[in-house]
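Reviewing the structure listed below.
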Amino acid sequence: MRLVLFGPPGAGKGTQAKRLEELLKVPQLSTGDMLRAAKREGTELGKTAAEYMDAGKLVPDEVVVGLIEQRIQQPDCADGFMLDGFPRTIPQADALDAMLDKAGQKIEHVVSIEVPDDNIVQRLSNRRSCPACGAVYHLVHVPPAVDNTCDKCGHVGLDQRDDDQPDAIRVRLKAFHDQTSPLKALYDERGILHRVDGTSSPEEVFARIQGALGAGA
Ligand code: AMP
C-alpha cells in the first residue's frame, strides 16, 4: 500500500505512522526525521535544512523531493510505503506523482488527521522526545513515568525540538494553512482522501484510521 499521512504539525502523524507500520508492514518515510538526522550528522544538506527548520519554515522543495526520490527506490519500499510530512506543497505533490508514474505506481490513500490550531499549540509546546530512541511524550497527557527519563530505553534527558518554541509553532501553522492545506482538495478530487478526527486519544485515532482504510478497526 502507498499511503500519505497528512495533517498539521503536532497532529500525531508520527505516532500513528509507528502503529501503521506494524499493521500494514510498510516503512514510514518521514522527511522531518530524515532532515533532523542530516542536521545531527552535520552534513551540508543538514546545515542548509537547519536554517529553515529552526525558524519553522519549509525546506526548499528540491531538497525534500531529492530525499524522497532516493528513499522510495530502496528495496524495503518495493511493496509500499507511508509518507509522513511529505508532500507539503503543490510542487512536491506534482514531483511525487511524476516519480511514481515512472514506476507505474500511485498513491492509493491519503489520511488527513484533523486537529484545530489551538489544540496544536498546546500539544507542541508540551512535546518532548528521546534523542536516543525517538520516543515522543506529552508533559501533561503522556508524561514519562520518571521525570525527564525515557520509558522505552531509559535514556536520561528528554529534548524539546527547536521548532516547538511558540514563535516557530506559529510560523509552521501558517505554512501548513498557506502551502500544505491546498493539497487536500487535490487528493479529495481523486477520491482518495480520508478525513479523520485527530482530537482524541492515540488509540481512538488509530481505530478511526483503520476504519477509514478498511484495515479492520
Ligand atoms: P516535521 O517533523 O514533519 O514536523 O518536520 C519538521 C520540519 O522539517 C518542518 O517544519 C520543515 O522545516 C521541515 N520539513 C519536513 N518535511 C518537509 C517537507 N515535505 N517540505 C519542506 N520542509 C519539510
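So the values come out like this:
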{"quantity": "Selection from the range 51-96 of residues that are more than 24 Å from Lys18 (Cα to Cα), within 9 Å of the ligand (Cβ to nearest atom) and out of contact with any Pro (no Cβ under 7 Å at 6 or more places or on another chain)", "calculated": "Tyr52, Asp54, Ala55, Lys57, Pro60, Val63"}
{"quantity": "Matching residues in the range 127-182 - criterion: being closer than 30 Å to His194 by Cα and among the β-branched types (Val, Ile, Thr)", "calculated": "Val136, Val140, Val142, Ile169, Val171, Thr180"}
{"quantity": "The one condition in (1) more than 13 Å from the ligand (Cβ to nearest atom); (2) among the aliphatic types (A, V, I, L, M); (3) closer than 28 Å to Asn119 by Cβ that Ala103 fails to fulfil", "calculated": "(3)"}
{"quantity": "Residue in the range 158-174 that is more than 24 Å from Phe86 (Cα to Cα), in a loop (DSSP other than H, G, I, E, B) and more than 13 Å from the ligand (Cβ to nearest atom) present", "calculated": "yes"}
{"quantity": "Residue list for the range 167-190, restricted to those being loosely packed, with under 11 Cβ neighbours inside 10 Å and more than 21 Å from Leu5 (Cα to Cα)", "calculated": "Asp167"}
{"quantity": "Matching residues, the range 70-99, being more than 18 Å from Ser30 (Cβ to Cβ) and either of a type outside the set (Gly, Ala, Ser) or at pLDDT 95 or above (or both)", "calculated": "Pro75, Asp79, Ile90, Pro91, Asp94, Asp97, Ala98"}
{"quantity": "Meets criteria (surrounded by fewer than 15 Cβ atoms within 10 Å (Cβ to Cβ) and either in contact with a Ser or Thr (Cβ under 6 Å, 6 or more places away or on another chain) or not acidic (Asp, Glu) (or both)) for Pro87", "calculated": "no"}
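The values are calculated or read from the model by the stated rules, or taken from the named source; none is laboratory data. As the structure is a prediction and not an experimental result, all values here were calculated from the model. Every residue, glycine as well, gets a Cβ built from its backbone with ideal geometry; the counts of neighbours run over all protein chains shown.
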